[in-house]
Structure formats: structure tokens, C-alpha cells
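Since every read-out is calculated from the coordinates, none of them should be taken as a lab result. This structure is a prediction, so every number in the text was calculated from the model and none was measured. When we count neighbours, we look across all protein chains shown, and the Cβ atoms used for this are built from the backbone with ideal geometry, even at glycine.
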Amino acid sequence: MKKIIAMILAAMLAFAGVSAVAESLTMCTNVAFPPYEFYGDDGQPTGIDVEIAKAIAAKLGYELEVVDIEFAQCIPGVQSGKYDFSAAGMTVTEERKQMVQFTDTYATGIQSVIVPEACEFEGLDDFVEENGSVKVGVQMATTGDLYTTWDYEDEGKGTVERYASGAAAVQALLAGKVDCVVIDNEPAKNFVSQNEGLKILDTAYAEEEYAMAFAKDSPIYDDFNAALAELIEDGTVKGIIDTFIPAN
Ligand code: GLN
């Protein structure tokens with residue numbers, strides 16, 4: 001009997017020890033996509049996605065753990081259950097909906113085109129008209145990659161060079177390895193302001209909506225999405241977005 005009581009006691013203590021530390025939710029993202037995710041001055045990930053996810057986690061009583069991986073690994077990582085969810089400035093597309101379930105959308109994005117400052121073309125088609133083809137730099141597996149692959153590479157109008165991050169694609173542009181980079185507008189503005197000699201074309205390439213992605217059988221999806229909806233409703237999400245994208 002004594003032995004059993006001791007065992008129960010030990011089990012209770014172990015349980016208390018574990019539950020004293022808040023459980024964490026793991027969010028995967030590519031922390032090279034400012035202002036949605038980037039490393040702050042303190043060396044910690046921050047940005048629109050990170051702060052919204054933190055607010056949701058706090059509301060649900062979890063800590064948030066951000067895991068920095070390639071964007072191309074985000075959907076597979078969520079599908080396999082390795083991460084609880086992905087918040088990565090991720091565009092909702094029909095193809096991705098086959099693989100994951102998306103939360104409500106919380107932001108909009110535009111695929112824009114970054115070119116060298118001296119470029120006089122107005123859009124990708126001008127490169128094709130003048131030079132016969134266009135060499136596009138993108139971040140692998142992003143919508144910028146998909147759209148330009150369909151519209152230019154598959155049509156025999158150019159080639160798409162795929163890089164592990166948007167930052168790497170911009171470096172390739174600076175080195176003259178590609179004609180342009182197709183990437184979401186807010187990261188584009190950040191990259192152009194941080195690097196000399198680049199500009200964004202006025203012509204937007206495509207408009208899209210961002211949402212966070214969960215495995216289809218995720219046990220926390222419903223609670224998470226409800227918390228996000230509340231934070232959108234009460235203005236918290238807008239407040240976070242306005243902090244990172246000051247209105248011009
Ligand atoms: N919005 C784009 C996409 O979903 C890019 C996202 C990203 O590079 N983090 O494909």
C-alpha cells in the first residue's frame with residue numbers, strides 16, 4: 001500500500017512539475033521576410049506574424065516557440081505534425097488548401113517586381129519583348145515562384161532562378177545574376193531600402209491574401225482561429241500591423 005501511495009505521489013509531483021511550465025506552440029517560418037518575420041535588435045524573431053502569433057498563444061495560455069526554416073519546408077513541416085502551425089506571410093492558394101487548412105486571412109500582399117534602379121521597363125513582359133526572355137529571381141516555393149514559373153518559364157519566355165530566401169534572391173539581383181526579383185511588396189520595400197541601386201516597379205504582379213496554415217487534423221486549429229478572429233475584431237491585429245508598416 002505504502003508503495004502505491006509513493007508511486008501516486010511521485011506521479012502527482014511529476015505532473016505538477018510539468019504543468020508549472022506553460023506548454024508551447026511551435027510556429028515555423030522563414031525569419032528573413034521583413035516586416036512579417038525578421039530578427040530584432042535583441043536577436044529574437046519578431047515582426048507582424050510573430051507578434052500576432054504571440055498574442056494568440058498568450059490568449060490561449062501557451063508560450064510561442066518560433067522555428068526558423070526555409071519557406072519551402074513550412075507546409076511539409078505542418079502537414080507532418082513537426083510544427084503546430086506556420087505563419088510566414090503565406091498566401092492562401094487553392095493548391096495549398098489541398099494540403100493544409102488556413103485560418104481567417106489577416107493581411108493582404110502584392111507580388112511586386114524589384115529591378116536595378118536604371119531599368120526602364122515597366123513589367124516582366126517588357127524584358128521578354130526587348131531581350132527575348134527574362135531571368136527572374138524568386139524565393140523557392142513561394143507564389144512568386146509559382147506564378148512566374150507558369151507565366152514565363154512554362155511559356156518559354158524566360159527562366160526562374162529559385163533561392164532559399166528572398167534576401168538571397170536580392171543578392172543575386174545585385175550581382176547581376178537575374179534581371180529582377182518577384183516577391184511580396186512589404187519585404188520588397190524593406191530590401192530596396194536596405195540595398196543601394198534597386199527600385200520597385202509600379203506595376204503590381206498579383207494581389208493575394210495571407211493566412212496561417214495548420215495540419216488538416218490539428219487539434220488546436222478551432223481555438224486558434226477563434227482567438228485570431230477576436231484579435232482581428234478588437235483591433236489588436238491592426239495595431240500590430242500598423243506598428244511594423246507605418247502608414248504613409
Ligand atoms: N506570400 C508568398 C507565398 O506565400 C511568400 C511568403 C514568404 O516568402 N514567406 O508564397
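A few notes on this one:
- Region 124-136, subset surrounded by 17 or more Cβ atoms within 10 Å (Cβ to Cβ) and of a type outside the set (K, R), residue farthest from F191 (Cα to Cα): V128
- Residue check for M27: surrounded by 22 or more Cβ atoms within 10 Å (Cβ to Cβ), outside any helix (DSSP H, G or I) and of a type outside the set (F, W, Y): yes
- Across region 95-109, the qualifying residues are those that are outside any helix (DSSP H, G or I) and closer than 18 Å to E207 by Cβ, and the one among them that is farthest from the ligand (Cβ to nearest atom) is D104.
- Checking each residue of region 110-126 against the condition of being touching a strand residue (DSSP E or B) at 6+ places or on another chain (Cβ under 7 Å), assigned to a strand (DSSP E or B) and within 30 Å of S218 (Cα to Cα) gives at least one match.
- Evaluating V67 against the criteria (1) among the β-branched types (V, I, T); (2) away from the ligand (no atom under 13 Å from the Cβ); (3) crowded, with 22+ Cβ neighbours inside 10 Å leaves one unmet condition, (3).
- Some residue of region 168-175 being assigned to a strand (DSSP E or B) and surrounded by 15 or more Cβ atoms within 10 Å (Cβ to Cβ): no
- Residue list for region 137-158, restricted to those being surrounded by fewer than 16 Cβ atoms within 10 Å (Cβ to Cβ) and either in contact with a Ser or Thr (Cβ under 9 Å, 6 or more places away or on another chain) or of a type in the set (A, V, I, L, M) (or both): G156
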